[in-house]
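Asker: Questions regarding the structure given below will be posed in turn.
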Amino acid sequence: MLSPKPWKLEAMMCLIVSMVLCAYAGALLLAVLHEAESGGNEHIRLYLCSGVAGVCLATSLVLLWRPWRLETVVRRLVVLLLCFCVGVFLCAWALRTATPVVPSVKQMIVAALSFQGAALVLTNPFLRQHQMGWREGFGFANQWPQAIMLGVIVACFFLPLGWGLQWRSGKVIVLVPRLHLKPEEQQAVQTLQLASALLQRLALAFVTIILAPLAEEILFRGILYPWLKQAGFPRLALWCSALLFAVFHVNLLTFVPLVVLAVVLTLLYERTNNLLAPITAHALFNAMNFMILYSLLPHL
């Protein structure tokens with residue numbers, strides 16, 4: 001049975017806003033790097049705007065997580081809102097002005113670092129606000145050998161089920177012509193297929209097998225699910241966190257398999273009271289798909 005978590009509403013809001021800011025910052029960095037590759041001096045305005053936006057976004061992050069004092073709360077709130085609005089506005093303008101970034105290995109790595117990587121960094125101040133460590137917050141010390149073993153077993157059993165659900169989803173999509181949809185692989189899978197150099201594949205392996213499972217399990221199972229459950233909505237917590245997990249991957253073909261996977265991982269967390277179990281299952285599931293993908297590439 002999953003132990004109660006003392007997640008506070010204000011800490012949750014800080015985490016959500018911070019994730020939005022980091023995602024904006026990552027998109028801004030990609031746009032600047034993409035424009036820099038094209039060279040020329042016509043992008044100076046974009047660089048200046050991006051620099052100011054980056055400073056504003058970083059200042060907003062610092063102000064969000066610093067301890068609040070009653071005597072300075074009004075002044076600090078005004079500065080925070082000003083930096084947030086200016087940063088988001090300038091970032092949106094820069095992204096609209098810049099040349100659209102095409103999917104690439106670099107784009108996937110920067111996007112992962114700005115979201116999943118940021119999630120891991122922000123988890124530390126989130127836990128500090130609750131005066132907890134990682135072991136207490138996510139149960140890492142609770143019978144961890146059994147939790148890891150259960151994670152391995154679940155991943156091995158779910159892999160063929162996930163493939164079957166994805167295959168069936170593709171068939172259903174094709175059978176609904178009115179929607180004018182066609183099954184497509186996840187953008188991440190398409191990017192993996194573009195990587196040919198060994199260093200690129202190693203970097204993508206780190207993102208796919210280590211960074212993504214760790215960050216996503218902390219966010220969706222470790223933080224979001226217990227918070228919704230303890231608000232008095234256990235079933236809503238299960239399905240809402242599962243649906244958000246699937247929507248996060250932005251792919252119709254894998255939507256149903258990912259919803260089922262998320263439900264299984266949540267029940268695994270409930271059963272073990274140790275987030276290492278769903279992290280292990282998620283990481284091994286990704287690792288097996290990663291290895292199978294690259295083993296099939298020479299034959300595609």
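The values are calculated or read from the model by the stated rules, or taken from the named source; none is laboratory data. All figures in this text were calculated on a predicted structure; none of them were measured in a lab. Backbone-built Cβ (ideal geometry, glycine too); neighbour counts: all protein chains shown. Just the protein is used for accessible areas: all its heavy atoms, side chains included, with ligands, DNA and RNA removed. Shrake-Rupley method; radii C 1.70, N 1.55, O 1.52, S 1.80 Å.
Asker: Take the residues in region 212-265 that are outside any helix (DSSP H, G or I) and within 20 Å of M13 (Cα to Cα), then tell me which one is most open to solvent (accessible area, probe 1.4 Å). Walk me through how you get there before you give the answer.
Answerer: We begin by selecting, within region 212-265, every residue outside any helix (DSSP H, G or I); these are 231-233, 249-254.
Checking which are within 20 Å of M13 (Cα to Cα) leaves us with 231-233.
Values: A231: 63, G232: 53, F233: 112 Å².
Here the residue is F233.
Asker: For the subset of region 266-300 comprising residues that are open to solvent by less than 30 Å² (accessible area, probe 1.4 Å) and among the small types (G, A, S), which member is farthest from I218 (Cα to Cα)?
Answerer: A287
Asker: Of all residues being surrounded by 12 or more Cβ atoms within 10 Å (Cβ to Cβ) and at pLDDT 80 or above in region 173-201, which is nearest to L293 (Cα to Cα)? Just the residue, please.
Answerer: Out of the qualifying residues, it is R201.
Asker: When region 206-254 is examined, which residues are found to be of a type in the set (S, T, N, Q) and more than 19 Å from F126 (Cβ to Cβ)? Explain how you work it out, then say what you get.
Answerer: Start the filter on region 206-254 by keeping residues that are of a type in the set (S, T, N, Q), which leaves 208, 230, 241, 251, 254.
The answer is T208, N251, T254.
Asker: Suppose we filter A98, A111 for residues that are open to solvent by less than 20 Å² (accessible area, probe 1.4 Å), within 30 Å of Q193 (Cβ to Cβ) and modelled with pLDDT under 95; which single one remains?
Answerer: When all the criteria are applied, what remains is A98.
Asker: What is the number of the single condition among (1) under 20 Å from A112 (Cα atoms); (2) touching a helix residue (DSSP H, G or I) at 6+ places or on another chain (Cβ under 9 Å); (3) hydrophobic (A, V, I, L, M, F, W, C) that L202 does not meet?
Answerer: That leaves (2) as the condition not met.
Asker: Name, by its number, the condition in (1) open to solvent by less than 30 Å² (accessible area, probe 1.4 Å); (2) more than 29 Å from L194 (Cα to Cα); (3) at pLDDT 85 or above that does not hold for T72.
Answerer: Only one criterion is unmet by T72, namely (3).
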